[in-house]
Each structure stands twice: as C-alpha cells, then as structure tokens.
Amino acid sequence: MERAKSSVEQIQPPSYGDLVTILSIDGGGIRGIIPATILAFLESKLQELDGEDARLADYFDVIAGTSTGGLVTAMLTAPNENNRPVFAAKDIKPFYLEHCPKIFPQHRGLRATVVAKVIRSLGGPKYDGKYLHWIIGEKLGKTLLRQTLTHVVIPTFDIKNLQPTIFSSYQINRCPCLNARLADICIGTSAAPTYLPAHHFMNQDSTGKELEFNLIDGGVTANNPTLVAINQITKEIMEDNPDFYPIKPLEFRRFLIISLGTGTPKNEKRFTAQLAAKWGLLGWLSHGGSTPLVDVFTQSSADMVDFHVATITQALQCEDRYLRIQDDTLTGTESSVDIATKENLQKLEQIGERLLKKPVSRVNLETGESEPAGNGETNEEALVRFAKSLSHERRLRGMRSPHTNEA
C-alpha cells in the first residue's frame, strides 16, 4: 500500500531543494499541551504565507515523536477521508483538554492520598489505559505507518527483547512487519512504566510473516527523538535513497530542525543526593507526586540529544537552522505527566503561550539550566523565521521538480 495522496500537492523530496526538514516532539504525558500550543502558532504562520489549507505535514520531510509526542505526530500525519491530516495543529490542544481527564482520571478523597497512590503502584500501573486505547483507535482507525502524509519516526522499547524498536516509515520496505497500525504504535510509545500498561500486539506483512511486539514508552529509548530522526535520514543517504541525492552523509548544514520539549521542573530542584540516598524502591517510584526514576531517564536522554545536536550545529556554524524550544521552569503539578485537572491543563496551555515570548535558549550541561542563545530572538520570532524558510523550501522544490506544477 502506497502513502496516501493528498488533495494538496505533497512536498517534493529533498533532492529538489536545499534543505532536509525535521520536526521533533518530546514525550511528557499531559505536558504535550505545551508543544501543541507552539505547533498551532507555527502552522498559523505557514497559513499566512501559503493559505489556510497549509498543514505541518506539507513542509517536513520527517516528523518524529516519542510517547505523547508520538501521538501528536500521528495526529499531524494520518490521513482523513480527504487525504488531509486528521488534525490541524490548532485542534491538538482542544483534544488534550477534552480527553486527558478521561485518560488520567483523578482520584478524590482517601483514594487520592499518598499512601493510597503507593499501594496502587505496587499492584500495577496507575491507569488501566482503556480510554487511551479507545480514543486512539477511534481517531486513527486502521491507518498504517506506510499511509502517513509525510515520513514519521516513533521510538518505542521492546521489553521482551530489551532493545529499542523504531517505527520509521523509511524502514518499512526493508522490514515490512514494522508497517503496523498507527494506533498500536501510539499506544506502545505511550506505555510509560508505572503509569500505563505495556502493549502487546502481532503484526503480519504481505507474505504472511509475523512479528511480535512487547512495547513500553519510547522515552526509555529517546524521550527527545531528534537524533533518532537525524539518524534515520543519514541511514537513507548512506543507502543511496534517491530522495536525498546529492546530499552527503553528515551534511548537517542542510538540515533544518525544530525540536519541541514538553517542559521540565529543573529550576524547582526537587531532588538532592541527601534525599535520594534515603530512597529504596518506593522512593524512586514515588516522591512528591512524581516518579523520580522516570523523570531521571527521560530528562537525561532529552538533554543529551539537545547538547549533541546543538554542539554539531554550532561547530558547523549552522545553529540558526536548529531550534530547540523547552521550558525548565515548571513547578508543582505543572511538571506532572498525569495530573489532568482542568486547572492544571489550563496552566500548561498558558505555559506554552508564555514560552513563545521567551528568548531562544540552549541547555548548559554544566549548570543544567537553559540560557539565552545570545541574539535576543524570541521563540515566536524564531518560529516566524523558520516558517518563512519552510515555505521557501517547499516552493523551491516545487519549481525544480518535474513531478509538480506548483509555482
């Protein structure tokens, strides 16, 4: 089955342009509202340039997402009955506001006490995942990975094989069993340990070969999937995919990357060595309403990816083509991945809006804090600049390609 054809001319391959365009979205549960707010702004700027039918999938060669970011990726790229994205970017935030309280139902009274939470965590995942499975199936149906309107990369982790499973539309010709339902992929990449149950399914290719998947949250593999997306594209270049000719491996100067975080509580500094030294298993699994063990491995991997990509782009003097938007000032319930009260969800929406006004920043791994990049540009201004580059690149490819009449 070929990728769905859109009623709007799809972006031509990078071989007809100057850039390779990448959008990456971190994991973070309900905090997905933060990148959703930013994506809505970016898409609105593209629509100002190219018309109200413009969608993010029309501009990016690959969209990558982990956990909640994987769900956003699927929503932006899965085709509806008109072969346009199931969701416009502006529709994602309302989706979270409506459905997160049902995905993560909040306990009240005695069931909401710390002791009750600890007891539940010992007996199984915090949530049964039934509503999440239903709503993802309802929105994505039987859509397969191959049918997305642009290439997607969604990391997961196979707990039976103890290794990452990367669902990449670039790889399905080589491994047809990866051409699974987007719904199964999204459920798998969202199955955060202690929060949601692991996801098992079988998938069969056209020859009848079956492959078994035993998946948990992609944050175990890459909570920030930017580097995974870069690696997938680099692999295609190395294997002489004509879509990337004449781009050379590691020619990162030609990459345009937008990487969106879901916020962190770094500045709150909730944990110390003195505190963690007293923790046993329960302490690492539950402290102050969060799960320190999950926080540690997801944030460490996300920052290392940012540090790596930022270092490369600075070394190659192309840092103006890499934009990482992240907020490290979350406090209290704002930093939770699952406190889906109306009040908290609205706070996250406001955080996303404020983040647009903040200066472009880079993480300093010596201090662990984000620092202004130096030129005074805000995230909002940077997104406007990137929107212009994306629009220009799309038009350039259209003019150079013999396969389109786009001017």
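Looking at this structure, is Gly219 within 19 Å of Arg324 (Cβ to Cβ) and either in contact (Cβ under 8 Å) with a residue 40 or more places away in the chain or of a type outside the set (Phe, Trp, Tyr) (or both)? Yes.
Restricting attention to the range 242-252, does a residue exist that is under 28 Å from Asp327 (Cα atoms) and either touching a strand residue (DSSP E or B) at 6+ places or on another chain (Cβ under 7 Å) or of a type in the set (Ser, Thr, Tyr) (or both)?
No: zero hits.
Being farther than 20 Å from Lys45 by Cα and either of a type in the set (Val, Ile, Thr) or modelled with pLDDT of 95 or more (or both), is that true of even one residue in the range 374-394? No: zero hits. Contact annotation: residue pairs with Cβ atoms under 7 Å, 6 or more positions apart or on different chains, pairing a residue in the range 179-194 that is part of a loop (DSSP other than H, G, I, E, B) with a partner that is of a type in the set (Phe, Trp, Tyr) and open to solvent by less than 20 Å² (accessible area, probe 1.4 Å), are Ala180/Phe167. For the range 245-277, taking the residues that are in a helix (DSSP H, G or I) and out of contact with any Ser or Thr (no Cβ under 6 Å at 6 or more places or on another chain), the one that is modelled with the highest pLDDT is identified as Arg254. Listed conditions (1) touching a residue at least 24 places away in the same chain (Cβ under 8 Å); (2) open to solvent by 10 Å² or more (accessible area, probe 1.4 Å) are all met by Gly27, apart from (2). If you go through the range 180-199 and pick out every residue that is under 21 Å from Ser24 (Cα atoms) and modelled with pLDDT under 95, you end up with 1. Take the conditions surrounded by 13 or more Cβ atoms within 10 Å (Cβ to Cβ), of a type in the set (A, V, I, L, M) and at pLDDT 95 or above and apply them to Ala64. Does it pass? Answer is yes for this residue.
Determine, yes or no, whether Ala74 is among the aliphatic types (A, V, I, L, M), at pLDDT 95 or above and either part of a loop (DSSP other than H, G, I, E, B) or open to solvent by 20 Å² or more (accessible area, probe 1.4 Å) (or both). Taking the combined requirement at face value, the residue does not satisfy it. Taking (1) modelled with pLDDT of 95 or more; (2) out of contact with any strand residue (DSSP E or B) (no Cβ under 8 Å at 6 or more places or on another chain); (3) assigned to a helix (DSSP H, G or I) in turn, Phe87 satisfies each apart from (3). For the range 32-70, a residue qualifies if it is closer than 13 Å to Asn223 by Cα and in a helix (DSSP H, G or I), and the qualifying residues are Gly32, Thr68, Gly69, Gly70. Would you confirm whether or not the range 134-146 contains a residue that is crowded, with 22+ Cβ neighbours inside 10 Å, at pLDDT below 95 and of a type outside the set (D, E, K, R)? Within the range 134-146, none of the residues are crowded, with 22+ Cβ neighbours inside 10 Å, at pLDDT below 95 and of a type outside the set (D, E, K, R).
The values are calculated or read from the model by the stated rules, or taken from the named source; none is laboratory data. Remember, predicted model here, so these are calculated numbers, not experimental data. Note that we place each Cβ from the backbone using ideal geometry, even for glycine, and neighbour counts take in every protein chain shown. Keep in mind that these areas ignore ligands, DNA and RNA; they rest on the heavy atoms of the full protein, side chains included. Shrake-Rupley method; radii C 1.70, N 1.55, O 1.52, S 1.80 Å.
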